[in-house]
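Comments concern the structure below.
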Amino acid sequence: MLIRLGETEFPLPAAPQVLEVGFGDGRFTAQVARLHPQWRILGVEISAGSVARALKRLRREGITNVQVYHGTAGFALRNLIAPQSLQRVYVNFPDPWPKSKHQENRLLQQSFFRRLSTRLAAGGELLLTTDHEEYWRFAQAEGRASGLFEIETPPPPEHHLTTKYALKWKAQGRQFYHAVFRKVAEDPTPWPPLPRYPMPHALMSGTLPELESFEKTVVRFEGGTAVLLEAARALGPEGGYYFHAHLEEEDLIQDVLLEVRPSAHGLYVGIGRFGAPLSTAGVKAAVEWLVGWLEGQGLRVVQRSY
Ligand SMILES: C[S@@+](CC[C@H](N)C(=O)[O-])C[C@H]1O[C@@H](n2cnc3c(N)ncnc32)[C@H](O)[C@@H]1O
């Protein structure tokens, strides 16, 4: 039920028809899944704690028509959702980012609406419910500016007002706002999924140096940054090293382990399977840097696969 990127095809082969962005504790997701057992639902959430709580709830309730992705809505839309496949997107109580200098962090901006239009089916819709009147107006202005959506503002359906945040704001007597953004046209700009590469690796010869220290290194590549944070010695009989790399690419943050270990064919340098990483341009850049760094330590490349 939890999507592991390294083991998933892009887009998801059984296309979800419904997406919920920022599901929090997942109670609304579970409710929708129970009401519509025939829908394939994808829930997306950036908070790891919320993902864990929602997964527990979905398992406890025996719900099988929800897949959960831990990451950003932008990444999920681009990579997991097939073009023109979504019937409905729920956004309940998105973070309002009330200060004007933080507004660029808001989810419902014109660029998001443009990209969303490529993944919605004809007539597909996004349903926004919020307690934040200013964000509600902002989202409508952004949706309208895209020229791709028709907008209506009926009162919020009662069952949207049962989420954790809805109950919290209800207790404070706040007012609620709702908007339905219905797709009427599509952005023509192509937005293909992120390119993926075969797992990059190299075989090297020579003696692995005894590392006394390792200095944090930042590697920039087209589309992002890889930060090699630290190195650790493998204590097993074969020895070797692990390198912790933090990768930031568009809509994707990954922490991966690179490894240098003796193999039957020489020293293997590549990405470890730990955490089922997604083999992106960032992974390639990190492996490339490590191989170059080891060359600087006197090792030679026997074979390179990237
Ligand atoms: C105010 S909470 C609302 C949670 C839930 N929908 C509710 O009504 O109780 C906003 C949620 O959106 C999540 N979130 C914020 N930005 C996101 C993004 N770009 N992609 C996915 N989730 C996001 C946050 O982690 C948080 O759980």
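When Pro192 is tested against (1) within 16 Å of the ligand (Cβ to nearest atom); (2) outside the structural domain of Gly74 (by TED's automatic domain parsing), just one condition goes unmet, and that condition is (1).
Can you tell which of Gly298, Gly239, Gly270, Gly292 is at pLDDT 95 or above, not assigned by TED's automatic domain parsing to the domain that holds Leu77, not hydrophobic (A, V, I, L, M, F, W, C) and not in a strand (DSSP E or B)? So the residue among Gly298, Gly239, Gly270, Gly292 that is at pLDDT 95 or above, not assigned by TED's automatic domain parsing to the domain that holds Leu77, not hydrophobic (A, V, I, L, M, F, W, C) and not in a strand (DSSP E or B) is Gly292. Of the candidates Ala166, Ala122, Ala139, Ala179, the single residue that is among the small types (Gly, Ala, Ser), assigned by TED's automatic domain parsing to the domain that holds Gly24 and surrounded by fewer than 19 Cβ atoms within 10 Å (Cβ to Cβ) is Ala122. Scanning the range 257-266 for residues that are among the aliphatic types (A, V, I, L, M) and modelled with pLDDT of 95 or more turns up Leu257, Leu258, Val260. Against the test of being in contact with a Phe, Trp or Tyr (Cβ under 7 Å, 6 or more places away or on another chain), within 15 Å of the ligand (Cβ to nearest atom) and of a type in the set (A, V, I, L, M, F, W, C), the options Ala171, Ala166 yield a single qualifying residue, Ala166.
For the range 50-72, the set of residues classified as more than 9 Å from the ligand (Cβ to nearest atom) and farther than 18 Å from Val18 by Cα consists of Ala52, Arg53, Lys56, Arg57, Arg59, Arg60, Glu61, Gly62, listed by residue number.
Summed over the range 55-64, the residues that are under 19 Å from Ala15 (Cβ atoms) and crowded, with 18+ Cβ neighbours inside 10 Å give a count of 1. Ala14 passes every criterion in (1) within 11 Å of the ligand (Cβ to nearest atom); (2) assigned to a loop (DSSP other than H, G, I, E, B) apart from (1).
The values are calculated or read from the model by the stated rules, or taken from the named source; none is laboratory data. Keep in mind the model is a prediction, meaning the values are calculated, not measured. All Cβ positions, even for glycine, are placed from backbone atoms using ideal geometry, and neighbour counts span all protein chains on display.
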